[in-house]
Amino acid sequence: MLIPVIDFKKVFGDRRVKVVLVALGSLLGLAGIGVAGYAFWPEPAPKPPPPVETSTAADYVEYAASEDFARLPAQQRVAWVEEHMEKAAAMDDDAFAEAWEKVDRSQLDAMRENMGRVMRERMGRQVNAYHKLPSSQREEFLDERIDEMRRWGRNFSRAFRASRGGPGRRGPGGGRHGAAARRGSGRGGPPGFHGGDRQAMQKRFNGEVERFMVGQSADQRAKSAAYMTAMRRRLMERGVGRMFGR
């Protein structure tokens, strides 16, 4: 079998072949630039959060459930959530329920996942801040955290009930579902921290604590455990331990 002899000099000297090769080389070069650009081009910055002063509960949930929120720097996420929680805590029950009636329920699961990360980030900061304080200032630090937990816990309780259409929502005529919706069940603690909703929130909180401890170094786990023990002891001393499932 004879193998044909190719005169490459003649082939590559053909003007039409040169044009084709140049075109192919250009296409390959552009493709390489495109791939490199995609790999190394910086990801667009996340959309900033809506201003706390003017945003509604629906705005809060929509953004807190978004990928933009998840991509914010941790410090910015925590600060924005803290401002919103304090704003919500200052709302009366009627205003809070009316605001939550306009929330898209389909976004709640995504929001809870993002909020879980925020709460774990805050907890880590609190543990480190507590251990940096002298012993004489640690009780005051715990009291501040407990007061915050009580304010924020009331928000979670009201939102939990509103998201399920339970007591605390507005009735068909625009009124509240009875005086108990404002007062809770008559037992100690903020309204709504009783029965199944309190147990569900406690279960979720315990799950966040477990996830918070996973992956920590032995030294950090010891610090976290010491902080949790001190917090639990102070809760009992103040007589509010039952409110947090203790």
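The values are calculated or read from the model by the stated rules, or taken from the named source; none is laboratory data. Note that the coordinates shown come from a computational prediction; the quantities given were computed from them, not determined experimentally. Because the Cβ atoms are built from the backbone with ideal geometry, glycine has one as well, and the counts that use them run over all protein chains shown.
Does Ser136 satisfy being hydroxyl-bearing (Ser, Thr, Tyr) and either at pLDDT below 90 or farther than 23 Å from Val240 by Cα (or both)?
Working: hydroxyl-bearing (Ser, Thr, Tyr): yes; either at pLDDT below 90 or farther than 23 Å from Val240 by Cα (or both): no.
The answer is no for Ser136.
From the list Arg154, Arg105, Arg71, which one is in contact with a Pro (Cβ under 8 Å, 6 or more places away or on another chain) and at pLDDT below 90? Lay out the reasoning, then the answer.
Details: Arg105 fails: in contact with a Pro (Cβ under 8 Å, 6 or more places away or on another chain); Arg71 fails: at pLDDT below 90.
When all the criteria are applied, what remains is Arg154.
Is the stretch 114-134 home to any residue that is under 24 Å from Lys203 (Cα atoms) and without any contact (Cβ under 8 Å) to a residue 12 or more places away in the chain? Before the answer, list the steps.
Quick first cut of the stretch 114-134, residues under 24 Å from Lys203 (Cα atoms) only: 114-127.
With the extra rule that they be without any contact (Cβ under 8 Å) to a residue 12 or more places away in the chain, the set shrinks to none.
Looking through the stretch 114-134, none of the residues is under 24 Å from Lys203 (Cα atoms) and without any contact (Cβ under 8 Å) to a residue 12 or more places away in the chain.
Of the numbered conditions (1) modelled with pLDDT of 80 or more; (2) in contact with a strand residue (DSSP E or B) (Cβ under 7 Å, 6 or more places away or on another chain), Ala162 fails exactly one; give the number of that condition.
(1)
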